[in-house]
Protein chains: 2
Amino acid sequence: MGRWEPNARGRLEKAAMELYGEHGFHQTTVTEIAERAGLTERTFFRHFADKKEVLFSGAASLQELLVQAVDDAPEPLAAIDAVGVALEAVAEAMQERRDFAKWRQAIIAANPDLQERELIKLASLGSALAAALRERGVGETAASLAAESGIAAFRVGFERWIGEAGETRTYRQIMKESLKELKAVTSGRTPPTRTPPARTPRGRERPHAHR
Amino acid sequence: MGRWEPNARGRLEKAAMELYGEHGFHQTTVTEIAERAGLTERTFFRHFADKKEVLFSGAASLQELLVQAVDDAPEPLAAIDAVGVALEAVAEAMQERRDFAKWRQAIIAANPDLQERELIKLASLGSALAAALRERGVGETAASLAAESGIAAFRVGFERWIGEAGETRTYRQIMKESLKELKAVTSGRTPPTRTPPARTPRGRERPHAHR
DNA sequence: CGCAGTGATGGCAGTAGCTGACATCACTCC
DNA sequence: GGAGTGATGTCAGCTACTGCCATCACTGCG
């Protein structure tokens, strides 16, 4: 046996998740996490860059999976379809962890700080995706646009998959349909503004006017 | 004359911008900013939620402009084209501040914290855009997708407008072309992977494999 | 004229995220 | 058995950010 209990990082991750769930992210201090894991605060910061990062350590493998899927996609394929294939693969890999994904998303949704981190992880996913496309010969701008709008579809699909109560379709199916709808929307094939729903006076999230 | 110098917020903003430029964002302390503005740290936090927010106070008016442009767009118009019209209007409004935009973007690019904030502001822009579309009668998902992919085009266009050295086109023109390219990409009209550029062994930004 | 209320600011103490520097000590390798 | 090595502990310190109360010009009102 070693000098210390093994798997310090894992214990920290587990403790953090538990506490984030029990008391919320903001209310949980790093010292508490470390104590529950039988370690010190200093050690926590040796394993995770900051308090938020615990929730995002899985992003790296997701990115790897995504890029690999693009690389493995059959060659004569339009950029957007290569993106589609890759996103479907990722969706399938996430399928069995729906409960965890839902729980995790609830925590993120309750914290602006975590939302920021989530967005930058998705952006990083998008960059990697774009880079993978470029290596297939897709042009600079086209690669960026295909990747970023693909990520948009991914997000939209994710929310559906997790949000809708009676949702029976798999994430993969939903993902497929989101991409289809993306294509429809960007090609102008959208119910073009026929019967606006009662056009309320609108007290929306628009910022206050200054003039 | 009042008890205090007028326009405290403006002075804080100016001092912060200067210091971020002189010493970098991270190296600048809030105390320094407040001192240069002839105020105290406590007052800084009464005007700005945090140190980052100083750089993003303009986002609100941008959002207002965007939403207004969607509202003012002619009625029988596909969702993606309403987005296009609105984004062009915003691009035009930014045209005269290119130097400032460039300078500001350089600071943001040098700081992950600021990039996170930038992303959440863009996401908020996207939500507002989607909401405006829904009020025109565009469906839930379609609105989200049109808005988010529109924002993607906005970002891509922005980087071009600011990045390319010999760029003579206006932001509006670039924006228009980005949207056009978005449509091309999502409709599958993309040079579909013909001659991959020398397929290097790739030591990219892909995370390390574990197996 | 005086007086109570208001609003922007200062002062101060405190919390918590995060870092650098150094010590400790099991384990490994020679 | 002695010199690394690597993961952890300890401690001091900085700084972002907050709560609470004091201050004091200005305003409106009797």
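Exceedance of the 23 Å cut-off in Cα-Cα distance is limited, within the set A:LYS102/B:LYS52; B:LYS51/B:LYS102; B:LYS14/B:LYS176; A:LYS121/B:LYS14, to A:LYS102/B:LYS52; B:LYS14/B:LYS176; A:LYS121/B:LYS14.
Per-residue 3J(HN,Hα) values for the stretch A:119-127, derived from phi via the Karplus relation 6.51 cos²θ - 1.76 cosθ + 1.60 with θ = phi - 60°, read 5, 6, 5, 5, 5, 5, 4, x, 4 Hz in sequence order (x marks Gly and Pro). The residue list A:THR28, B:ALA165, B:PHE100 was ranked by how far each Cα lies along the charge dipole of the protein assembly as shown toward its positive end, using unit charges on Cβ atoms, and B:ALA165 comes out on top.
How much of the pair distance distribution for the stretch B:8-54 lies past 14 Å, counting alpha-carbon pairs only, in percent? Cα-Cα pairs of the stretch B:8-54 separated by over 14 Å account for 35 percent. Cross-link reach is defined here as a Cα-Cα straight distance under 20 Å, omitting same-chain residues fewer than 8 places apart; for A:LYS180 the aspartates and glutamates meeting it are A:ASP81, A:GLU88, A:GLU92, A:GLU148, A:GLU159, A:GLU164, A:GLU167, B:ASP81, B:GLU140, B:GLU148, B:GLU181. Per-residue ellipticity at 222 nm computed for chain B from its helices equals -21000 deg cm²/dmol, with DSSP H segments shorter than 4 residues left out and the rest contributing -39,500 (n - 2.57). When the Cα convex hull of the stretch B:58-186 is projected onto planes of every orientation, the mean area is 7.9 nm².
Wrap a convex hull around the Cα atoms of the protein assembly as shown, take a quarter of its surface area, and give that in square nanometres. Before the final figure, lay out each step's value.
Numbers: hull surface 102.6 nm².
Approximately 25.6 nm², given one-decimal rounding.
If you average the C-alpha positions of the stretch A:12-84 and of the stretch B:112-188 separately, how far apart do those two centres end up, in angstrom? Cα centroid to Cα centroid, the span is 28 Å. Compactness of the stretch A:25-129 was expressed as the Cα radius of gyration divided by 2.2 N^0.38 Å, which yields 1.30.
Here, each number is a calculation from the coordinates, and none is a lab measurement. These figures come from a predicted structure and were not determined experimentally. Cβ: placed from backbone, ideal geometry, glycine included. Neighbour counts: every protein chain shown.
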